[in-house]
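Okay, so here's the structure we're looking at.
The values are calculated or read from the model by the stated rules, or taken from the named source; none is laboratory data. What you see is a predicted model; the values in this text were computed from it and never measured. With ideal geometry, Cβ positions are generated from the backbone for all residues, glycine too; neighbour counts draw on all protein chains shown. With ligands, DNA and RNA removed, areas are computed over all heavy atoms of the protein, side chains included. Shrake-Rupley method; radii C 1.70, N 1.55, O 1.52, S 1.80 Å.
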Amino acid sequence: MDIVFHGAAGEVTGSCHLVEVAGKRVLLDCGMIQGESQGRPNRPQGEGKADERNAADFPFDPESVDVLVLSHAHIDHTGRVPLLVKRGFAGPIFTHPATIDLAAIMLADAANISAMDAERDNRHLQPGQKPSVPLYAQADVDAATRLMRPVAYGTPTEILPGVTLTLRDAGHILGSATVELDAAGEGATHILVFSGDLGPNGTPILCDPAPVPTADLVVMESTYGDRLHKSREDTVAELASIFAAAHRDGGNVVIPAFAVGRTQELLYFFAEHFDAWGLGAFRIFLDSPMAIRVTDAYDRHEDLFNAEAKKLWATRPQPLKLPNLVPTADGEASRRINGIHGHAVIIAGSGMCTGGRIRHHLRYNLANPAAHIVFVGYQASGTLGRIIVDGAKHVRLFGDDIPVRAQVHTVGGLSAHADQAGLSAWYGLIGGHPPVCLVHGEDPGRAKLADELKSKWGSEVTLPMPGTRVSV
Ligand SMILES: [Zn+2]
């Protein structure tokens, strides 16, 4: 069994690894590259999505791939699946049932964004310039979801003759899984384990990552390979003090948040601390059609929650059913929020403020000294979110110059990824401490994690680059 790394090798997005086993090809993830806007001159800074790398040929023939396995629904792990299908892949796609649920929502959104981006690019087409075409359409998304086959956690499933797949809970988002491939042959069984993205222990709603008993090779994410997160208690205390200040000041609380994971975590904290934080005095707007659909999907999979969350769901107002929660799916309802100047909590995307409804809410709240803007996720350089976090006094929004007078907060500790200690502990439980390849991390973060694994567990560590081949 060999693995060749084609994406997220030396960077954090575009997860895509090809396993060659028993004369067949198993692709692990098929993600989109995110956060780059080069080559699209008509796009505002930080808004580029479907770039040249996503539209480029795959480094293998899609028709030659026999099976696809998806670790979880995040778009940097699934975003190019409809393109793979459009270009000839016709095999089964094995993944957790909750991932099938979420991927249908997220890939439809990606198709929609791609269509809107292409339309915008083509609006100012110069003579002789090639028009942009969407990466894929809803029909390609439908074709991809028809190929998806559900595999529950902890259920070994033969996906090719002599090749068995086992998914285990990765505790990262709903349905996220670590992937184990067991290949029998040549007198022995070879086991490859791919971590996917690993969540931190003690995260709200989800269970902790399930331990993996043994492996011959581990392919492991390293997003926060050089960092330690704040404790959950500190995060809760920080949010409590922000709501105390918001009561005092009377302005709105505006929270840019990713639709999957972070939004549900916030709603969970709101349910848990509803009285302590005086949330009854606010209207809580969930202003994102995708976040509403994803939150509904979380509600459908209560069986996957941790014990604490199951208890909360049974005894408190459920996060999606808070008495003052206002999900605003349509644009008109969203626009009405613009007229509210106090005692509203507004959760909207995109998480880094590069697009979406959050930009309207920033336009109407940034200049208000009584408003609080709360960043709960990583803000990549060049994004509007990062510009605000870095202390800009003015920003440009919809052609207007908006002064930043609102109070800006950055709340850590809500990451969906394990930190260095969490990654090292998960690996440390794998019997025999097998050789490990670190992916899904930027240098030097993954180099720091490599040092930690070598010194703590005596591991043999590879930092693969695109095209690197490793034998199991
Ligand atoms: Zn992820």
Approximate spin-label separation residue 333-residue 139, in nm, with each point projected 7 Å along Cα-to-Cβ: 3.2
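Quick one: grab the alpha carbon gyration tensor of segment 307-451, order the square roots of its eigenvalues as a ≥ b ≥ c, and give me rounded if a/c is under 1.5, else prolate or oblate depending on whether a/b is larger than b/c. Numbers along the way, then the final one.
Values: a/c = 2.88, a/b = 1.50, b/c = 1.92.
Oblate.
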All lysines inside 22 Å of residue 24 as judged from Cα atoms, apart from same-chain residues fewer than 8 positions distant: 86
Spin-label model distance (nm) - residue 469 vs residue 340, 7 Å beyond Cα toward Cβ: 5.8
P(r) weight above 16 Å for segment 137-240, C-alpha pairs, percent: 68
Cα-based reach from residue 321 at 16 Å (exclusive), listing aspartates and glutamates while leaving out same-chain residues under 8 positions away: 265, 272, 275, 287, 296, 299, 302
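Determine the gain in length on full extension of the stretch residue 302-residue 210; use 0.36 nm per residue of separation and subtract their C-alpha separation, reporting nm with one decimal. If you can, show how the numbers build up before the last one.
Numbers: separation 92, 0.36 × 92 = 33.12 nm, distance 1.76 nm.
Full extension from residue 302 to residue 210 adds 31.4 nm.
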Heavy-atom accessible area ranking, 1.4 Å probe, most first, across 273, 440: 273, 440
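In segment 303-371, carbon and sulfur make up what percent of the accessible area (probe 1.4 Å)? The partial results should precede the final answer.
Details: 1710 of 3050 Å².
Solvent-exposed carbon and sulfur of segment 303-371 make up 56 percent of the total.
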Using a Förster distance of 56 Å, the FRET efficiency for residue 237-residue 401 (Cβ separation, nearest 0.05): 0.95
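Taking Rh as the Kirkwood radius, which is the inverse of the mean 1/r over Cα pairs, what is the Rg/Rh value for the chain? Spell out each step's value before the answer.
Details: Rg = 22.3 Å, Rh = 23.1 Å.
Radius of gyration relative to Kirkwood radius: 0.97.
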Given charges at Cβ of Lys, Arg, Asp, Glu: the chain dipole, positive-most of 10, 183, 398: 398
Given charges at beta-carbon only (K, R positive; D, E negative), |dipole| of segment 232-410 in Debye: 400
Per residue accessible area of segment 276-367, 1.4 Å probe, in Å²: 42
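Can you pull out the trypsin sites (Lys or Arg not before Pro) in segment 328-373 whose DSSP state is coil and whose Cβ has at most 14 other Cβ atoms within 10 Å?
Working: sites: 335, 336, 357, 359, 363; in loops: 357.
In loop regions of segment 328-373 (DSSP not H, G, I, E or B), there are no sparsely surrounded trypsin sites (Lys or Arg not before Pro).
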Within the chain: Cβ-based charge dipole about Cα centre, in debye rounded to nearest 20 (Lys, Arg +1; Asp, Glu -1): 1380
For segment 253-372, convex hull of alpha carbons as volume per residue, Å³: 98
Segment 371-472: chymotrypsin sites (Phe, Trp or Tyr not before Pro) in DSSP loop, at most 11 other beta carbons within 10 Å: 398
Ellipticity estimate at 222 nm from DSSP helix runs (n ≥ 4, -39,500 (n - 2.57)) divided over the chain, nearest 500: -9000 deg cm²/dmol
